[in-house]
There are 2 protein chains.
Amino acid sequence: MQSYALTVDKFLDHAAKWRGEREVVTAGGGRISYAALRERSNLLSGALAHLGLEFGDRLATLAWNTQHHLELYYATMGAGLVCHTLNPRLPPAQLAAMVNEAEDEVIAVAANLSPLLDEILPLCPGLRGVILMDGGEVGEGRPAVDTWTLEALLESHGRAVTWGDFAEETPAGLCYTSGTTGRPKGVLYTHRSNYLHTLRALQADAIALTGEDSLLVAVPMFHANGWGLPFAAPAVGAKLVLPGRQADGASLTELMRREGVTIAAGVQTVWLGVVEHLDATGGDLPDLKRVLIGGSSCPEALIRRLEDRLGARVQTSWGMTELSPVGVIAPPNAPAGAQRASGRPPMGLDLKLTGADGIALPQQRGVVGHLKVKGASVVDRYFKADADVLDEEGYFDTGDLARLDEAGNLTLCGRSKDLIKSGGEWINPADIEDIVGRHPQVVQAAVIARQHPRWGERPVLIVEALPGADLDPRELIDALRGQVADWQLPDLVIQVAAMPLAATGKIDKNRLRADYGTEGAAGDGARLGEPRPDDAPGS
Amino acid sequence: MQSYALTVDKFLDHAAKWRGEREVVTAGGGRISYAALRERSNLLSGALAHLGLEFGDRLATLAWNTQHHLELYYATMGAGLVCHTLNPRLPPAQLAAMVNEAEDEVIAVAANLSPLLDEILPLCPGLRGVILMDGGEVGEGRPAVDTWTLEALLESHGRAVTWGDFAEETPAGLCYTSGTTGRPKGVLYTHRSNYLHTLRALQADAIALTGEDSLLVAVPMFHANGWGLPFAAPAVGAKLVLPGRQADGASLTELMRREGVTIAAGVQTVWLGVVEHLDATGGDLPDLKRVLIGGSSCPEALIRRLEDRLGARVQTSWGMTELSPVGVIAPPNAPAGAQRASGRPPMGLDLKLTGADGIALPQQRGVVGHLKVKGASVVDRYFKADADVLDEEGYFDTGDLARLDEAGNLTLCGRSKDLIKSGGEWINPADIEDIVGRHPQVVQAAVIARQHPRWGERPVLIVEALPGADLDPRELIDALRGQVADWQLPDLVIQVAAMPLAATGKIDKNRLRADYGTEGAAGDGARLGEPRPDDAPGS
């Protein structure tokens, strides 16, 4: 059969040829057809060559979900450059370290992130070019670097080039892990891994996107390929709706209504914002059929609330940067009960549960194990690492604990690093967080270990309550009683005004451990109570 | 990212692990879970090794759609053997030529095809083993070959082996083209081409199969991978329903009803049989949602009749052996009008229309051109051929003429070889067949060239009418008038009792040309009339 390289530029070519009139719409920006966007992106590849970027070179982006960002995805990848997406919510020093490790030569920056760029530039001597996106203007004061607006660069040096004329194993993108549990590590995606991830996601039992859909991508394009949706949408010719920087409920509601969004992807807090806006204003979203949520498991009550108010099905999933990122996903038509789990692996992702010793559990269903995965879109070694991170069977350790029900639906059960060892026995924070999270007045709950002279570690429960709620710690502990062993009950309940979040929106447990992980630590949460006696385990 | 070979054994592994309880059901045979079928197929790989088959060797099958045939698909391919499917409707000499060219070492034969095997064996000295499938018994009289029933072979020599431990470019299957327009040519599928074909077909805008579906495969597994459905069904864990040899309306109706079939694939004549049975018996198929038809374009009246009577959507498509085989496909939710076309190419198949000179037409929409395709599941060179069959841009010439509408939907417009050159001008038989085919009393229509001393070639119309119909040739010609140029009107109308069909069910135009292509040829069709004067073109 034909040799035919699986390169991502083919997605945009396909859209331009078969759905050329379908649009990419940016909130507060413009709208453009796939045919025109393909042409601009291709000309932009030529302009990047003019900046001296050659096959294999890396360009960084510091940007929101916009047309310009999408054009840079394809302009870089199509020409065999690597698109290194940076998370604008990270501190400048961390961003600079990533830019330097990646040896990025040019950085493309959203105009409203210019102040952040000014902090990064002095730390990154290797950067020799800046492209300002989304309407920025070239100011004074960056003499060391060649600065262009994207439009001026395209105008002056746009040139049509041949895309994709290279091996499918060519690197296409680079993204660093969120680093909530350690130093951020780079994941280098290839054309092949992204292409196969896309075909896998398009299955009718997975994201099931069609050419008739209007897709809102409210997950950031700067992280983990934006769930791969910037590839999936043109692959089928779906209308692509990009929210720019604005992810608040009012902005998203207006955008979704105006653009007839049928499928929308984002983390649960985004949808909570939309629901609160709809509650306050009384509107609805008549075209919306389905909402994809990712990250950790979503409380059932929240799913019901979202479905009722949005008038759309909630589709749960789980993934991670190292998986490109989609891992498991519930089918679009999953029965309501199955939604509490994150779903099954679609064809193309292998998965096993092991013990702490790395050996596959003899019984894979109904027990909690360490989650290992394998597939064409799964990392083998981190960027610039000396060794791979695979076990003998070629599986990658996700660092997550998980359980499979009899039907094979996966439920995440916390991070293996978060496990608390108390008196020689394990306590899984996720078990407690799950139960406390169902309390009607609790917004978010987190359990961390606190050092203890006798038991080694003891669990501390940290909660964020609804505004104005009057939480009783005994009520929370009572809810846990009978659900977990008595010696697993938290020793202390602390209420915080707002849960600290990492740049990706996940709860920042490192911060919680620093603030509350030792007696007398500096956290400013209110000590709600100490429901447990000191001699907790085995009492 | 991980190296992860795209091999088809992963489909069955996936089904066994994630949908292990879902069934493969054979009409008149048994039912088995994917988990058990995976185990049997794997043990069978070991048994084939006992027969001396080694990596790269070829095993022929002469079989219907049954569990045993499916087990042989996976037993061969999983172990790196090539499964060479033979069409039992071909003459023995032709089959023997294929077996010999392919150097098949073992042949697996449906019990009820033993008589055919006895005709082939003496012509194939290279065959040294026979496996009898579907309940056959080893008789006397084949001393030269080692003969087993599949069950006895499995019982005696079944042994678990490691599947798929080879490169994805490894050959997996071999199938010869139908040869309606020339000598049959072998197409050697690889694991990669089949795997990618499957992912492509599973898209929500393509076959959109889900794990909840019950799929009837009424297209033969002996031809072109059975549309790839023996891969697609386990890939998503759909129930797989195999009709064995019986493809008549009564048998299929009973099977579909009993097994709750939701999606069914077959050529249009199969569905006509089901509709006629339902008309005669008054039953219905409450679970059926969708019917996939392939081959050439289906008359709109037939689509309407099928949809009304079956209570299901008809999904049109076009493909060919060389494409693994799916080319374009209408989406499951296509608006009724778009069904007259065969659909758009799903992501992963590139397509262009050229002139007879092979140069891409400047305008790709609204005109008829020569259809060329490119993709990971498209042939590059025929089996044992010396040269590839691709143009300079890497496209394969399908030999078909086609038109794209403004929305990109493809309509086949006949074979380029069937074009008739009359007085230096082209006549496309498909234009005439399409119009005549809409006549309520016409079952099938075919137009062929007849040699003519003055004009070179002139069109002859051959029709098969509904039983008992009294066709008036002038009425047919009148229907054409104004739709095609006057000089393109057929000179002669011939009515046949039954249209001659090739082994794949397509109209056998070679046969028609032999019977009716010259003045005084031997065909026994009734000469309905000669509506045109002798000096036809340009009159």
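The values are calculated or read from the model by the stated rules, or taken from the named source; none is laboratory data. Owing to the predicted nature of the structure, the values given are computational and were not obtained by experimental measurement. Note that we place each Cβ from the backbone using ideal geometry, even for glycine, and neighbour counts take in every protein chain shown. These area figures cover heavy atoms from the full protein model, side chains too; ligands, DNA and RNA do not enter into them. Shrake-Rupley method; radii C 1.70, N 1.55, O 1.52, S 1.80 Å.
When region A:37-74 is examined, which residues are found to be open to solvent by 40 Å² or more (accessible area, probe 1.4 Å) and touching a helix residue (DSSP H, G or I) at 6+ places or on another chain (Cβ under 9 Å)?
A:R38, A:E39, A:R40, A:L43, A:A49, A:H50, A:R58
Grab the strands (runs of 3 or more DSSP E) fully contained in region B:362-417, keeping just those with 1 or more residues being modelled with pLDDT of 95 or more.
Fully inside region B:362-417 and qualifying: B:368-375, B:396-404.
Would you check which residues across region B:467-485 are under 31 Å from the mean Cα position of the chain (by Cα) and modelled with pLDDT of 90 or more and list them?
B:L476, B:L480
Hey, A:A356 hits all of (1) in a loop (DSSP other than H, G, I, E, B); (2) of a type in the set (A, V, I, L, M); (3) within 23 Å of A:G266 (Cα to Cα) but one; which does it fall short on?
Evaluating A:A356 over (1) in a loop (DSSP other than H, G, I, E, B); (2) of a type in the set (A, V, I, L, M); (3) within 23 Å of A:G266 (Cα to Cα) leaves (3) as the failure.
Considering only residues of region A:105-144 that are in a helix (DSSP H, G or I) and of a type in the set (G, A, S), which is farthest from A:A63 (Cα to Cα)?
Within region A:105-144, the match that is farthest from A:A63 (Cα to Cα) is A:S114.
Taking only region A:372-418 into account, find how many residues are within 20 Å of the chain's Cα centre (by Cα), open to solvent by 20 Å² or more (accessible area, probe 1.4 Å), within 12 Å of chain B (Cβ to nearest Cβ) and among the hydroxyl-bearing types (S, T, Y).
Here the count works out to 1.
Let's see how each residue does on (1) of a type in the set (S, T, Y); (2) closer than 27 Å to B:L196 by Cα; (3) touching a strand residue (DSSP E or B) at 6+ places or on another chain (Cβ under 8 Å):
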residue	(1), (2), (3)
B:S317	yes, yes, yes
B:A341	no, yes, yes
B:M347	no, yes, yes
B:G358	no, no, yes
B:K372	no, yes, yes
B:A387	no, yes, no
B:F396	no, yes, yes
B:L401	no, yes, yes
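Check A:L229 against each of (1) free of Cβ contacts under 8 Å to residues at least 40 places away in the same chain; (2) outside any helix (DSSP H, G or I) and name the one condition it does not meet.
(2)
Listed residues B:A167, B:A144, B:A108; which is over 30 Å from B:F396 (Cα atoms) and surrounded by fewer than 22 Cβ atoms within 10 Å (Cβ to Cβ)?
B:A144
For region A:425-464, name all the residues that are more than 30 Å from A:P345 (Cβ to Cβ), open to solvent by 50 Å² or more (accessible area, probe 1.4 Å) and either outside the structural domain of A:P500 (by TED's automatic domain parsing) or more than 27 Å from the chain's Cα centre (by Cα) (or both).
Across region A:425-464, the qualifying residues are A:E425, A:Q451, A:P453, A:R454.
Assess whether B:L361 counts as being buried (at least 23 other Cβ atoms within 10 Å of the Cβ) and either over 30 Å from B:E103 (Cβ atoms) or not aliphatic (A, V, I, L, M) (or both).
No: the conditions fail for B:L361.
Please count how many residues of region B:183-198 are in contact (Cβ under 8 Å) with a residue 12 or more places away in the chain, farther than 17 Å from B:T76 by Cβ and surrounded by fewer than 24 Cβ atoms within 10 Å (Cβ to Cβ).
Looking only at that region, the number is 2.
For residues in region A:181-227 being more than 8 Å from chain B (Cβ to nearest Cβ) and of a type in the set (G, A, S), which is farthest from A:T321 (Cα to Cα)?
The selected residue is A:S214.
Go through region B:232-253 and give me each residue that's away from every other protein chain (no Cβ under 14 Å) and in a loop (DSSP other than H, G, I, E, B).
Within region B:232-253, B:P243, B:R245, B:Q246, B:A247, B:D248 qualify.
Please go through region B:145-169 and pick out each residue that is in contact with a strand residue (DSSP E or B) (Cβ under 6 Å, 6 or more places away or on another chain) and part of a loop (DSSP other than H, G, I, E, B).
Answer for region B:145-169, where residues must be in contact with a strand residue (DSSP E or B) (Cβ under 6 Å, 6 or more places away or on another chain) and part of a loop (DSSP other than H, G, I, E, B): B:V145, B:E169.
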